[in-house]
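The structure under discussion appears below in the form of C-alpha cells.
We did not get these values from a lab; they are worked out from the coordinates using the rules stated. Not measured: the values here are computed from a predicted model. Using ideal geometry, Cβ is built from the backbone for each residue, glycine included, and neighbour counts are taken over all protein chains shown.
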C-alpha cells in the first residue's frame, strides 16, 4: 500500500504547468525552482517527506530530483561516496563481450588455458561458466557464514582443491569466482579492465581505486 501511495504522490507533483525546455548539465547542475519546470513545491516536499519516513537510516540525505536536466531538490549528502560492490559485475561481463567482439576469446575458452594454476580442480571451467556464475569455483579461505553467503575470502586467486560443484551443474553467487573471472579476462585483455572499457566503449568514466578491493582486483596479476 505504501508503494502505491508513493507512486500516486509522485504522479501528483507533476503536470502543474507546461514543462520547460530540457537542458544538458555541464560541470555543475543548474538549480531551478520546482514551479519553473512544472512541479508543485508543496507536493514535491510532501513526496520527499514520505520517502524520508519510509526509507532506511540515510533517509533522503542523498536524494537528488532532476527535472528537464535541472536540479530542483537535493539532500545534504549528495556527494557521499559509496562502494559499488556487485555493480561491477556488469562492467566485467561487458568487457568479456568486448573481448569476444575483438576476437580475443570465446565463451567456450577454458580458464586453465589462461591461468594454468587452476587446472587441477577446475580443468573444465570455461568463460561461460564464470560469466553465468555456474563455475563452482571456490578459493582458499572462502567462508559463507554469519549471514554472508557469497563466499567471503581474502585470497580469491588461490584455488581451493575442492570445488563447490561441477561446472554447469549449479548456480552460486560467489565473490571469489567473480574475482577470478576478472583475473582471467584481465590476462586475456593484457591491460586493466577499466582502461579497456573506456577505450572500447568510448565512455569517459572515472574509477576510484581502493587498495585491496574493487577495481584493484582487475589489475594485471603476475
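Structural remarks
- Legend: calculated FRET efficiency, residue 100 to residue 165, from the Cβ-Cβ distance at R0 = 22 Å, rounded to 0.05, equals 0.30.
- Nearest-0.05 FRET efficiency for residue 155 and residue 78, computed from C-beta distance (R0 30 Å): 0.25
- Contour minus Cα-Cα distance for residue 57 and residue 23 (0.36 nm per residue): 8.9 nm
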